[in-house]
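Worksheet: the structure to be examined is printed underneath.
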């Protein structure tokens with residue numbers, strides 16, 4: 001695990017040394033949410049729109065994602081997998097940048113949250129889905145473990161349970177259940193998985209539980225410490 005800027009740390013990794021990247025970068029929705037006067041700050045502690053780390057101007061965010069994707073292409077092995085969680089509002093941008101950087105687009109999947117916050121449910125449809133985008137480096141397919149039956153790109157679970165949220169309540173923390181399903185399908189035991197936007201370490205935890213190697217990078221020292229503590233707590237249990 002590394003504490004630091006994702007791209008600067010990735011620059012230290014060897015070419016073609018990673019089997020899979022699974023990550024959840026900033027969606028760049030903070031300013032958008034502010035302009036909509038959502039007042040979410042009263043609804044959830046450290047809600048992303050008010051945390052300050054998701055407020056880049058679009059062009060600056062786009063360039064950051066472009067540099068990240070360049071480094072992702074460099075460190076991944078041929079036919080390696082890239083999975084990025086992303087807002088549906090930014091899917092087209094990531095699609096274009098990934099193609100420009102040598103990635104083959106596979107699908108845009110959906111994570112359906114079975115117990116979303118019922119905000120404004122009397123006025124509109126409840127927001128209960130989030131996207132994840134699936135790419136392969138320099139090939140049309142990579143590792144895919146279907147285990148004898150069709151695997152849908154529609155994944156379903158509850159929101160991250162409190163048993164996992166107790167490790168720091170990261171505002172965009174993904175459930176272990178969703179991450180383990182993705183890891184099982186696109187990697188094999190012993191593969192090296194990288195999460196350049198580690199947050200509180202859920203991808204690393206899921207990787208360790210499934211006998212995969214892992215590298216996590218996090219710029220926020222508080223979340224880095226949380227992730228490190230989570231991994232250390234697994235020692236002797238997996």
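What follows is calculated from the coordinates using simple rules that are stated; it is not laboratory data. The shown structure was predicted, so the numbers you read here are calculated from the model rather than taken from an experiment. Positions of Cβ are backbone-derived with ideal geometry, glycine not excepted, and every protein chain shown enters the neighbour counts.
Observations on the model:
- Counted residue by residue at 0.36 nm each, then reduced by the alpha carbon distance between them, the extension gain from residue 129 to residue 221 reaches 30.2 nm.
- Taking 20, 64, 131 in turn, the Gaussian network model of the chain (Cα-Cα springs below 10 Å) assigns the largest fluctuation to 64.
- Estimated [θ] at 222 nm from DSSP helical runs (n ≥ 4, -39500 (n - 2.57)) normalised by residues in the chain, nearest 500: -9500 deg cm²/dmol
- GNM result for the chain, Cα springs below 10 Å: residue of 109, 148, 199 fluctuating most strongly: 148
- Nearest-0.05 FRET efficiency for residue 107 and residue 64, computed from C-beta distance (R0 30 Å): 0.80
- Percent of beta bridges antiparallel (DSSP, the chain, rounded to nearest 5): 45
- The range 59-94 and the range 145-163 have Cα centres lying 22 Å from one another.
- Take every Cα pair under 8 Å whose residues are at least 6 apart in sequence, average their separation, divide by the length of the chain, and the relative contact order is 24 percent.
- Once the Cα-Cα distance is subtracted from the 0.36 nm per residue extended length, the residue 115 to residue 144 segment shows a gain of 7.5 nm.
- Per-pair calculated FRET efficiency, R0 = 30 Å: residue 163 and residue 5 via Cβ, rounded to 0.05: 0.45
- Least to most buried among 146, 224 (fewest other Cβ within 10 Å first): 146, 224
- Were the residues from residue 122 through residue 154 laid out at 0.36 nm apart, the gain over their Cα-Cα distance would be 8.9 nm.
- Each of 125, 103, 95 has some number of other Cβ atoms within 10 Å of its Cβ, and from fewest to most they run 125, 95, 103.
- Among 15, 153, a tally of other beta-carbon atoms within 10 Å of each Cβ gives an order, fewest to most, of 15, 153.
- Estimated FRET transfer efficiency (residue 177, residue 89; beta-carbon r; R0 25 Å; 0.05): 0.50
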